[in-house]
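Here's the structure, in structure tokens; my notes come after.
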Amino acid sequence: MSEETNIYGEGLGKPIEIPKQEEAKQEEKTTYPLRLYFTGGSADILSPMPKEQFLVDLISEVTSRGSDPTWSGWFGFRVKPKTKGSKSSKTISVMVKQIVGVEEL
């Protein structure tokens, strides 16, 4: 055995870098607070997209699936927390055919 070979593979003896906690945290997703008006009341929701895009996507979904008799028309929306410090994530279900309007908060 005149040749010395590293039986453990390359990279032995190199320091391992552990990611910092700050880098490991995922960035918070941007949400847009909207007030959704429907028959019988309103609800403050958090949308992952701006008002215009929210309406375009909602209308296109209703248009494309509206003729399907098995489609119920119900959507679940994440409710805006009542206080800033609250981390609760509640959802509501609203039938799309009942939506009267959408307003930015």
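The values are calculated or read from the model by the stated rules, or taken from the named source; none is laboratory data. Quick caveat: nothing in here was measured; it's all calculated off a predicted structure. Positions of Cβ are backbone-derived with ideal geometry, glycine not excepted, and every protein chain shown enters the neighbour counts.
So the values come out like this:
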{"quantity": "Selection within the range 89-105 - free of Cβ contacts under 8 Å to residues at least 60 places away in the same chain and loosely packed, with under 13 Cβ neighbours inside 10 Å", "calculated": "SER89, LYS90, THR91, SER93, MET95, LYS97"}
{"quantity": "Residue selected from the range 56-88 under the condition within 15 Å of PRO33 (Cβ to Cβ) and in contact with a strand residue (DSSP E or B) (Cβ under 6 Å, 6 or more places away or on another chain), by the criterion surrounded by the fewest Cβ atoms within 10 Å (Cβ to Cβ)", "calculated": "ARG78"}
{"quantity": "Residue that is nearest to THR31 (Cα to Cα) [pool: residues in the range 65-98 that are polar (S, T, N, Q) and modelled with pLDDT of 85 or more]", "calculated": "THR91"}
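Results for (1) under 15 Å from GLU104 (Cα atoms); (2) modelled with pLDDT under 65, shown as yes or no for each residue.
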| position | (1), (2) |
| --- | --- |
| TYR8 | no, yes |
| GLN26 | no, yes |
| LYS29 | no, no |
| TYR37 | yes, no |
| GLY40 | no, no |
